[in-house]
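Here the structure comes first, spelled out in structure tokens, and everything after it is commentary.
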Amino acid sequence: MKIIKSDKVKILIGKDKGRVGEVVRVFPKKDQIVVKGMNLFKKHVKPSQNQKGGIVEKERPLLVSKVALVCPNCQKTIRVGYEIDKSGHKYRVCKKCHTLLTGKTVK
Ligand SMILES: [Zn+2]
């Protein structure tokens with residue numbers, strides 16, 4: 001997956017189209033991500049010892065294909081490129097401005 005936790009992404013389709021949020025969870029095997037405050041659904045919670053009952057809003061996972069990564073430097077929705085350094089580490093870069101997207105390497 002090209003998107004990792006704490007990336008900023010823009011929602012491309014659905015009710016949150018055009019909004020930008022932070023990735024809080026990724027599910028690489030399902031190609032899904034959870035974006036903070038996006039794709040909310042209302043969940044009815046029964047009262048228990050620990051909490052009151054009622055309606056809580058929770059984020060539902062989104063397919064990666066429904067979002068676009070936003071570059072922290074050029075602020076545009078971008079395609080992710082990869083660069084490999086001399087020691088063989090692979091880095092994600094913005095294809096538009098060539099900024100390193102995170103300090104982390106990806107497999
Ligand atoms: Zn950029």
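The values are calculated or read from the model by the stated rules, or taken from the named source; none is laboratory data. Note that the structure is predicted; figures quoted are calculated from it, not measured. Here the Cβ positions follow ideal geometry from the backbone for every residue, glycine too, while neighbour counts run over all protein chains shown. In case anyone asks, the SASA skips ligands and DNA or RNA and just uses the protein heavy atoms, side chains included. Shrake-Rupley method; radii C 1.70, N 1.55, O 1.52, S 1.80 Å.
Just want to confirm a number: the relative contact order over the chain, from Cα pairs under 8 angstrom separated by 6+ residues, in percent.
That works out to 20 percent.
Quick check: residue separation of ARG25 and LYS42 times 0.36 nm, minus the Cα distance between them. What number comes out in nm?
Fully extending the segment from ARG25 to LYS42 adds 4.2 nm.
Among VAL20, VAL67, what's the order by accessible area (1.4 angstrom probe), most exposed first?
VAL20, VAL67
Provide the gained length on full extension for the span GLN51 to THR99, in nm with one decimal, where the gain is 0.36 nm per separating residue minus the Cα-Cα distance.
Between GLN51 and THR99, full extension yields an extra 12.8 nm.
Give me the extension gain from LEU12 to TYR91: residue separation times 0.36 nm, minus the current Cα-Cα distance, reported in nm with one decimal.
Full extension of this stretch gives 26.0 nm more.
Take LEU40, LEU100 and sort them by solvent-accessible surface of the protein heavy atoms, 1.4 Å probe, largest at the top.
Listed by decreasing accessible area, they come as LEU100, LEU40.
State which entries of LYS17/LYS86; LYS58/LYS96; LYS8/LYS42; LYS52/LYS76 exceed 32 angstrom in Cα-Cα distance in the structure shown.
From the list (LYS17/LYS86; LYS58/LYS96; LYS8/LYS42; LYS52/LYS76), the Cα-Cα distance tops 32 Å for LYS17/LYS86; LYS58/LYS96; LYS52/LYS76.
Can you figure out the FRET efficiency of ILE84 with LYS2, using R₀ = 22 Å and their beta-carbon distance, to the nearest 0.05?
Once the sixth-power term is evaluated, E becomes 0.90.
Please calculate the 1.4 Å probe accessible area of LYS58, with all protein chains present, and give it to the nearest 10 Å².
Here the residue's solvent-accessible area equals roughly 100 Å².
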